[in-house]
Amino acid sequence: MTSPTPPGPGSVALITGGTGGFGRALTQKLRERDVTVVAADLDSERNRSVAEELGAHFVALDVTDRAANEAVVAQVEAEHGRLDAAYLNAGISAAKSDDALDLDEFMRVVDIDLFGVVYGVQAARPAIKRAGGGAIVVTASLAGLSPMPTDPGYSVAKGGAIAFVRSMAPRLTRDGITITAICPGFADTAIIDRIRHEFEAADFPVIPAAEVADAMVMAWTSGEPGAAYVIQPGVGTVPYKFKGVPSAKTATGETAVVPEALRPPSML
Ligand SMILES: NC(=O)c1ccc[n+]([C@@H]2O[C@H](COP(=O)([O-])OP(=O)(O)OC[C@H]3O[C@@H](n4cnc5c(N)ncnc54)[C@H](O)[C@@H]3O)[C@@H](O)[C@H]2O)c1
């Protein structure tokens, strides 16, 4: 296998949700490094022109469409010859946060924010392997580590995405692919428009999108397999330290050894 190509001339990155807040900031950073960027997002004139203005190629994609994820990756390989990094970044949050649990909305959020990631990994894996390895970077959220009472669907989806990243890391590492999760706190993009006034009223700092984009680039260049990088205002980007769980004990009180085939890799 050849070595992974770092972000720079000759490398190709796919970004889902590529014309949103983080997507635009990341596209700018990658274009500054001469990376070929394919911004995949819902089809609209606005999204097409955003990509064009940033020097990215646009491809229409609804990440909940499993076959469309495969088709987009095939298109990237056909048009640009390779895929080195997949940023699975598309996401939504609940449109309201009243006491009733709207199951339709819950399922919609999980469909996009969790299954969109699963389909994206499945589609990108063989292409990145063919390129000699590379990176898959999932935009999860702090809500996946610290669930939000106001948005159960989002918390489940992002927590699930982090678990998926950690679970998939060993097998992707064997393909030369480093998968990581980015877990920003509240950041300055359209997704917080509905609650932006709350932050302003409470004088609560939000993270500039460019800072999150820097972390996304770092995840490609030097991310550790299975890591979840927390980004908080005033704190910067730090890998989250997962606590272990109590080990099982044998009848005699010894620590029971998990069968080798089921053992979590030491890095997780
Ligand atoms: N901004 C924050 O506070 C924050 C914090 C933590 C995590 N996130 C996550 O960051 C990611 C990017 O969000 P953002 O903050 O840039 O918000 P954003 O609303 O600006 O961008 C989200 C993008 O995802 C796209 N999208 C939505 N549904 C899609 C679908 N079905 N298929 C394809 N694309 C779809 C949207 O069109 C949009 O371009 C999301 O996964 C979000 O959950 C955001």
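Read-outs: derived from the displayed coordinates by stated rules, not from any lab. Note that the structure is a prediction, hence the values are computed from the model and not measured. So basically every Cβ, Gly included, is an ideal-geometry build from the backbone, and we count neighbours across all protein chains shown.
Some observations on this one:
- Table column - 3J(HN,Hα) (Hz), region 169-186, Karplus curve with 6.51, -1.76, 1.60, x for Gly and Pro: 3, x, 5, 6, 4, 5, 8, x, 10, 9, 10, 9, 10, 9, 10, x, x, 5
- With a simple spin-label model that places each label point 7 Å from the Cα along the Cα-to-Cβ direction, the separation between D104 and V206 comes to 2.8 nm.
- Ellipticity at 222 nm from helices only: DSSP H runs of n ≥ 4 in the chain, each -39500 (n - 2.57), divided by the residue count, give -12000 deg cm²/dmol.
- Here, P(r) means the percent of Cα pairs in each 10 Å bin from 0 to the largest distance; for region 11-154 it is 12, 41, 32, 12, 2.
- Dipole-positive endmost among G176, M148, V72 within the chain (Cβ charges, Cα centre): G176
- Residues whose amide H falls under 5 Å from that of A40, counting only those 5 or more places apart or on a different chain, are I15, T16, G17, G18, V59, with hydrogens built in the peptide plane.
- Counting DSSP beta bridges with both ends in region 12-262, the antiparallel % (nearest 5): 15
- Taking the number of Cβ atoms within 10 Å of each Cβ as an exposure proxy, the fewest-first ranking of M216, M107 is M107, M216.
- Straightening the chain between A256 and A163 buys 31.1 nm, computed as 0.36 nm per residue apart minus the Cα-Cα spacing.
- By the count of neighbouring beta-carbon atoms within 10 Å, fewest first, F199, F204, F115 end up ordered F204, F199, F115.
- For region 112-268, radius of gyration divided by Kirkwood radius, i.e. Rg to Rh on alpha-carbons: 1.03
- Cβ crowding within 10 Å ranks L145, L83, L42 as L42, L145, L83, fewest other Cβ atoms first.
- Across the chain, C-alpha contacts under 8 Å between residues 6 or more apart give a mean separation that, scaled by the residue count, equals a relative contact order of 18 percent.
- Hydrodynamic radius (Kirkwood) for the chain, which is based on Cα pairs only, to one decimal in Å: 19.0
- Calculated from backbone phi, Karplus (6.51, -1.76, 1.60) coupling profile of region 144-161 in Hz, x at Gly/Pro: x, 10, 10, x, 8, x, 7, 8, x, x, 5, 4, 5, 5, 6, x, x, 5
- For I136, residues with placed amide H under 5 Å, excluding near neighbours: A86, T178, I179, T180
- Net charge contributed by nearby residues that have their C-beta within less than 10 Å of G8 (K/R +1, D/E -1): -1
- Ranked packing of 229-237, 132-140, most packed first, by mean Cβ within 10 Å: 132-140, 229-237
- Packing-based ranking of 59-71, 92-104 yields 59-71, 92-104, ordered from highest to lowest mean Cβ neighbour count within 10 Å.
- Couplings 3J(HN,Hα) of region 108-124, computed from phi: 5, 5, 5, 4, 7, 7, 10, 5, x, 6, 4, 5, x, 5, 4, 6, 7 Hz, in residue order, whole Hz [Karplus 6.51 cos²θ - 1.76 cosθ + 1.60, θ = phi - 60°; x for Gly and Pro].
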